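Q: Submitted below is the structure of interest, expressed as structure tokens.
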Amino acid sequence: MNTASSISVPAEPYEFDFVPAETALVIIDMQRDFLEPGGFGEMLGNDVSQLRRTIEPNKKLLAAWRKAGLQVIHTREGHRPDLGDLPPAKKVRGRGKSCIGDVGPMGRILVRGEAGHDIIPELYPLPSEPIIDKPGKGAFFATDLHAILQNLGIKQLIVTGVTTEVCVNTTVREANDRGYDCLVPEDCCGSYFPEFQEMGLKMIKAQGGIFGWVSHSSKVLAALGTTLL
Ligand code: TIU
């Protein structure tokens, strides 16, 4: 369905029609802790350089979204400095030498207010863009994201960020159950594992788009370009 106020992006399993004024760009956890050495991602044993290819396409999409005057939301995974919102199960998971709350090269790992917890400079939020601080993998769990989206009249989401199979997938599933349509541009999300990148995206778009749509940022940019920019 393509109405006068909606624009259409080629996507899988079929085109994603969205109303720009009712659609938010939600950038998940593009934090130094996941994308730079010495943070939470590396603590878990990952090669954080795997995720850095997502920075440039996110930068371009964010710039276009802002230029079109559309809603942007950023999220950060992390915990209170007193760790009161850190489930003991999450703290000890992995049996690593260090854990969430310990001091690393970018400050205390995955703790709010620390350098590593903040969003990478390339995608730094504007003061007008809400930042959702989330203690879990999904952006809706224990946050005010749903209320903020409802108050803004947002019905559809473009979800980007890291990692594809963890926080992006969890957020898309949570959003889907709350009635939002989600489009994931594949080049704007990343995984430490190539096989999870592929399967994480397949899981979203399979079965007629069971959780949402998958496309590429170039197609979103082209659709915006012909209408709004
Ligand atoms: N470990 C991993 O792949 N991801 C996370 O722990 N959090 C997010 O995805 N943000």
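Q: Residues Thr143, Thr171, Thr226, Thr163: which one is more than 17 Å from the chain's Cα centre (by Cα) and of a type in the set (Ser, Thr, Tyr)?
A: The match here is Thr226.
Q: Determine, yes or no, whether Ser8 is among the small types (Gly, Ala, Ser), more than 16 Å from the ligand (Cβ to nearest atom) and not in a loop (DSSP other than H, G, I, E, B).
A: yes
Q: What number of residues within segment 40-83 satisfy the criterion of being under 30 Å from Leu228 (Cα atoms), over 17 Å from the mean Cα position of the chain (by Cα) and of a type outside the set (Gly, Ala, Ser)?
A: So the answer is 1.
Q: If you go through segment 11-43 one residue at a time, how many are within 16 Å of the ligand (Cβ to nearest atom) and surrounded by 15 or more Cβ atoms within 10 Å (Cβ to Cβ)?
A: Residues that pass the stated criteria total 17.
Q: For segment 34-80, what are the residues that are of a type in the set (D, E, K, R) and not in a loop (DSSP other than H, G, I, E, B)?
A: Glu42, Arg52, Arg53, Glu56, Lys59, Lys60, Arg66, Lys67, Arg76, Glu77
Q: While we're on this one: Residues that are surrounded by fewer than 17 Cβ atoms within 10 Å (Cβ to Cβ) and polar (S, T, N, Q): list the strands (runs of 3 or more DSSP E) wholly contained in segment 143-229 that include at least 3 such residues.
A: Strands (runs of 3 or more DSSP E) meeting the threshold: none at all.
Q: Further question: Is at least one residue of segment 206-214 more than 15 Å from the ligand (Cβ to nearest atom) and of a type in the set (Phe, Trp, Tyr)?
A: Within segment 206-214 (the criterion being more than 15 Å from the ligand (Cβ to nearest atom) and of a type in the set (Phe, Trp, Tyr)), the answer is yes, since at least one residue qualifies.
Q: Considering each residue of segment 126-136, count those that are within 16 Å of the ligand (Cβ to nearest atom) and part of a loop (DSSP other than H, G, I, E, B), and give that number.
A: Summing the residues that are within 16 Å of the ligand (Cβ to nearest atom) and part of a loop (DSSP other than H, G, I, E, B) in segment 126-136 gives 2.
Q: If you don't mind, another one. Consider segment 92-111. How many of its residues are within 13 Å of the ligand (Cβ to nearest atom) and more than 21 Å from the chain's Cα centre (by Cα)?
A: Selection size over segment 92-111: 4.
Let's see how each residue does on (1) at pLDDT 95 or above; (2) at positive phi:
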| residue | (1), (2) |
| --- | --- |
| Asp118 | yes, no |
| Glu122 | yes, no |
| Thr170 | yes, no |
| Gly200 | yes, no |
| Gly208 | yes, yes |
| Gly225 | no, no |
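Q: Checking the conditions here, which among Thr143, Thr226 is of a type outside the set (Phe, Trp, Tyr) and within 15 Å of the ligand (Cβ to nearest atom)?
A: Thr143
Q: Right, here's the next one. Of all residues in segment 71-95, count the ones that are surrounded by fewer than 12 Cβ atoms within 10 Å (Cβ to Cβ), modelled with pLDDT under 95 and of a type in the set (D, E, K, R).
A: Summing the residues that are surrounded by fewer than 12 Cβ atoms within 10 Å (Cβ to Cβ), modelled with pLDDT under 95 and of a type in the set (D, E, K, R) in segment 71-95 gives 1.
Q: Which of (1) in a helix (DSSP H, G or I); (2) more than 17 Å from Ser215 (Cβ to Cβ); (3) among the aliphatic types (A, V, I, L, M) does Ala139 not meet, given it meets every other one?
A: Unmet for Ala139, out of (1) in a helix (DSSP H, G or I); (2) more than 17 Å from Ser215 (Cβ to Cβ); (3) among the aliphatic types (A, V, I, L, M): (1).
The values are calculated or read from the model by the stated rules, or taken from the named source; none is laboratory data. The structure displayed is predicted, hence computed values, not measured ones. Glycine also receives a Cβ, built like all others from the backbone with ideal geometry; neighbour counts cover every protein chain displayed.
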